[in-house]
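Visitor: What follows is a structure written as structure tokens; I'll ask about it next.
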Amino acid sequence: MLRKLKDFQPGTAEVRELKILLHGPIGAGKSSLINSINTVLQGHNTSGALADSSAGESQSFTLKFKTHRLKKDGPGSFYPFVFTDIMGLEEDKSMGVQTKDINKILKGHVKDGYTFNPVKPIEKGKEMYISNPSLKDKVHCLVSVLPGDRISLISDDVIQKMRAVRLKARDLEIPQVIIMSMVDKACPLVKENLRKIYTSKKIKEKMEECSHKLGVPMNCIFPVQNYHEQVTNNTDMDLLILMAMTDIVRFANDYVEDQVYSANKYDEDKVCKE
Ligand SMILES: Nc1nc2c(ncn2[C@@H]2O[C@H](COP(=O)(O)OP(=O)(O)OP(=O)(O)O)[C@@H](O)[C@H]2O)c(=O)[nH]1
Ligand SMILES: [Mg+2]
């Protein structure tokens, strides 16, 4: 699986990098997930996306719409998939990223580096607004991150916001995946031995809760334990992260290929009619 990811190239020349958008409640483990994927790919501890050790309580730590590139072996060489990590979704309307902003991100209207204004969504005509986004600017896979230990505690407001984003992504035919983080905190047996994840009733229950709350089928939910205090790679943690990542990249790649195929087909049909 690792080799497959290391050798991966997008199936179309139109998109050099697959764009994966992470969203979810504050402190769900979005930034840690990017760090963890980096750790798995590099084979050692990394801290590129900056997880916050006090996150989860107050305001979101991530304020900018920032693209994270993952370094490959050689200098200046990066993987052909990137992550955008956005501010956590907040219950309070005056805090956290707005659903309207996420919808614009999905469609590719928001430039990298945009700083969210929690009380005002980005407007057309502004410097950071892309008026005519092409396929490369759009999001190619939406990843919802939910904390396995706190799913029941997430407010209805935040769940409703997440469902709204999901529906928008569905309308745009963008593939979607749920990452259920914090499995070590959700089940003591799993904390002791990560391999118990496949038989843990507690984890299954939590996954069912994710599925029910967001309306996503069970086969699109990936439980993971992020690297947060471990300094050396752990094969069991790596495997779960790799399983999720392989599917995310495959879904994103299928999406861009389908979009290019549909666009070409449309052009051909138009020429035939003319
Ligand atoms: N035990 C455990 N802790 C985790 C896991 N994933 C993340 N954490 C910790 O949870 C806290 C929040 O993680 P972040 O990655 O900063 O969360 P975030 O979703 O990026 O938060 P915002 O950017 O503020 O919205 C950090 O202290 C992480 O170290 C996990 O799988 N298990
Ligand atoms: Mg973050």
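Visitor: Filter segment 184-200 down to the residues that are assigned to a loop (DSSP other than H, G, I, E, B) and touching a helix residue (DSSP H, G or I) at 6+ places or on another chain (Cβ under 6 Å) and list them by number. It would help to see each step written out before you state the result.
Guide: Residues of segment 184-200 that are assigned to a loop (DSSP other than H, G, I, E, B), as a first pass: 187, 193, 199-200.
Those that are assigned to a loop (DSSP other than H, G, I, E, B) and touching a helix residue (DSSP H, G or I) at 6+ places or on another chain (Cβ under 6 Å): 187, 200.
Visitor: Quick one: in segment 226-235, which of the residues that are open to solvent by 20 Å² or more (accessible area, probe 1.4 Å) and either within 16 Å of ligand 2 (Cβ to nearest atom) or touching a helix residue (DSSP H, G or I) at 6+ places or on another chain (Cβ under 9 Å) (or both) is modelled with the highest pLDDT? Steps first, please.
Guide: Taking segment 226-235 first, the residues open to solvent by 20 Å² or more (accessible area, probe 1.4 Å) are 228-235.
Right, trim to either within 16 Å of ligand 2 (Cβ to nearest atom) or touching a helix residue (DSSP H, G or I) at 6+ places or on another chain (Cβ under 9 Å) (or both) and you get 228, 230, 233-234.
On the way: 228: 83, 230: 76, 233: 87, 234: 92.
Result: 234.
Visitor: Right, next: Starting from residues that are β-branched (Val, Ile, Thr) and touching a helix residue (DSSP H, G or I) at 6+ places or on another chain (Cβ under 6 Å), keep the ones in segment 144-169 and report whichever is nearest to residue 14 (Cα to Cα). Steps first, please.
Guide: Taking segment 144-169 as the starting set, the residues that turn out to be β-branched (Val, Ile, Thr) are 145, 151, 154, 158-159, 165.
Right, trim to touching a helix residue (DSSP H, G or I) at 6+ places or on another chain (Cβ under 6 Å) and you get 145, 151, 159, 165.
Working: 145: 28, 151: 38, 159: 34, 165: 26 Å.
Checking each candidate, the answer is 165.
Visitor: Looking at segment 190-205, which of its residues are within 15 Å of ligand 1 (Cβ to nearest atom) and open to solvent by 100 Å² or more (accessible area, probe 1.4 Å)?
Guide: Correct list: 191, 192.
Visitor: While we're here: Of all residues in segment 159-189, which are touching a Pro at 6+ places or on another chain (Cβ under 7 Å) and open to solvent by 10 Å² or more (accessible area, probe 1.4 Å)?
Guide: Looking only at segment 159-189, we keep the residues that are touching a Pro at 6+ places or on another chain (Cβ under 7 Å), and these are 180-183.
182 - this is the single residue of segment 159-189 that is touching a Pro at 6+ places or on another chain (Cβ under 7 Å) and open to solvent by 10 Å² or more (accessible area, probe 1.4 Å).
Visitor: Sort through 183, 177, 165 and tell me the only one that's more than 24 Å from residue 225 (Cα to Cα) and in contact with a strand residue (DSSP E or B) (Cβ under 8 Å, 6 or more places away or on another chain). Give the derivation first.
Guide: On the way: 183 fails: more than 24 Å from residue 225 (Cα to Cα); 177 fails: more than 24 Å from residue 225 (Cα to Cα).
On inspection, the qualifying residue turns out to be 165.
Visitor: Here's another thing I want to ask about it. Please verify whether residue 139 is in contact (Cβ under 8 Å) with a residue 24 or more places away in the chain, farther than 18 Å from residue 209 by Cβ and open to solvent by 30 Å² or more (accessible area, probe 1.4 Å), treating the condition exactly as stated.
Guide: Details: in contact (Cβ under 8 Å) with a residue 24 or more places away in the chain: yes; farther than 18 Å from residue 209 by Cβ: yes; open to solvent by 30 Å² or more (accessible area, probe 1.4 Å): no.
The answer is no for residue 139.
Visitor: With in a helix (DSSP H, G or I), in contact with a helix residue (DSSP H, G or I) (Cβ under 9 Å, 6 or more places away or on another chain) and within 21 Å of residue 20 (Cβ to Cβ) as the only criterion, which of 238, 254 stands out?
Guide: Working: 254 fails: in contact with a helix residue (DSSP H, G or I) (Cβ under 9 Å, 6 or more places away or on another chain).
Exactly one of 238, 254 is in a helix (DSSP H, G or I), in contact with a helix residue (DSSP H, G or I) (Cβ under 9 Å, 6 or more places away or on another chain) and within 21 Å of residue 20 (Cβ to Cβ), namely 238.
Visitor: What number goes with the only condition from (1) open to solvent by 60 Å² or more (accessible area, probe 1.4 Å); (2) modelled with pLDDT under 80 that residue 78 does not pass?
Guide: Of the numbered conditions (1) open to solvent by 60 Å² or more (accessible area, probe 1.4 Å); (2) modelled with pLDDT under 80, the odd one out for residue 78 is (2).
Visitor: Right, another one. I'm checking my understanding of the structure. Among residues of segment 4-32 that are in a loop (DSSP other than H, G, I, E, B) and charged (D, E, K, R), which one is farthest from residue 221 (Cα to Cα)?
Guide: Checking each candidate, the answer is 14.
The values are calculated or read from the model by the stated rules, or taken from the named source; none is laboratory data. Note that this is a predicted model, so its numbers are computed, not measured. Cβ: placed from backbone, ideal geometry, glycine included. Neighbour counts: every protein chain shown. These area figures cover heavy atoms from the full protein model, side chains too; ligands, DNA and RNA do not enter into them. Shrake-Rupley method; radii C 1.70, N 1.55, O 1.52, S 1.80 Å.
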